[in-house]
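Asker: I have a structure I would like to understand better, so I am pasting it below and will then ask my questions one at a time.
The values are calculated or read from the model by the stated rules, or taken from the named source; none is laboratory data. Please read these numbers as outputs of a predicted model, since none were measured by experiment. Because the Cβ atoms are built from the backbone with ideal geometry, glycine has one as well, and the counts that use them run over all protein chains shown.
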Amino acid sequence: MVEASTRSQAGLLTGGNGRDIIGKLIRETPASLSPFGRLLVVLNSVADLPRNLALMKSVGLEPRELAKRSIPLRPLFDWNRLDRLGGTSHGLYMVRDGRAYETTCAVEARLQ
């Protein structure tokens, strides 16, 4: 399990909701990508996968999901915090048979 101090430091580095560093990567990719280049990234539902895919499209990237898998929600995630951010109603995680799951997705994005 990740120490509480490490979790709080990670939150500071990634922004209030954990998406800032992902958003920065996506927004800056088109300027750095060659015409035949690809961004390969693994995203998860906890970081709002649909929102990240929409952001890719809005900055001129064409995302393609290469692989997707549901895995048990890792203990480093705080359910209460996820629920304050939208929880299951926003697809940040799902509950199946009384157990919480996140979805991880390998994404390839190229210039449109």
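Asker: Name the single residue that is nearest to VAL95 (Cα to Cα) among those in the stretch 23-80 being under 14 Å from the mean Cα position of the chain (by Cα) and among the acidic types (Asp, Glu).
Answerer: Across the stretch 23-80, the extreme among qualifying residues is ASP48.
Asker: Let me ask you something else. Across the stretch 43-89, which residue is nearest to ALA109 (Cα to Cα) among those that are in a strand (DSSP E or B), out of contact with any helix residue (DSSP H, G or I) (no Cβ under 8 Å at 6 or more places or on another chain) and among the hydrophobic types (A, V, I, L, M, F, W, C)?
Answerer: Looking at the filtered set, the residue picked out is LEU66.
Asker: Could you tell me whether any residue of the stretch 38-45 is surrounded by 14 or more Cβ atoms within 10 Å (Cβ to Cβ), polar (S, T, N, Q) and modelled with pLDDT of 95 or more?
Answerer: no
Asker: Also, I was wondering about something else. For the subset of the stretch 46-56 comprising residues that are surrounded by 13 or more Cβ atoms within 10 Å (Cβ to Cβ) and not small (Gly, Ala, Ser), which member is nearest to ILE21 (Cα to Cα)?
Answerer: ASN52
Asker: Could you tell me whether the stretch 101-110 includes any residue that is buried (at least 17 other Cβ atoms within 10 Å of the Cβ) and modelled with pLDDT under 90?
Answerer: There is no residue in the stretch 101-110 that is buried (at least 17 other Cβ atoms within 10 Å of the Cβ) and modelled with pLDDT under 90.
Asker: List pairs: first in the stretch 96-107 and over 15 Å from TRP79 (Cα atoms), second modelled with pLDDT of 95 or more and acidic (Asp, Glu), Cβ under 9 Å, 6+ apart or cross-chain?
Answerer: Sorted first by the residue in the stretch 96-107, then by its partner, the pairs are CYS105/GLU65; ALA106/GLU65; VAL107/GLU65.
Asker: So in the stretch 22-39, with the set limited to residues that are hydroxyl-bearing (Ser, Thr, Tyr) and in a helix (DSSP H, G or I), which one is farthest from ASN52 (Cα to Cα)?
Answerer: Per the criteria, the residue is SER32.
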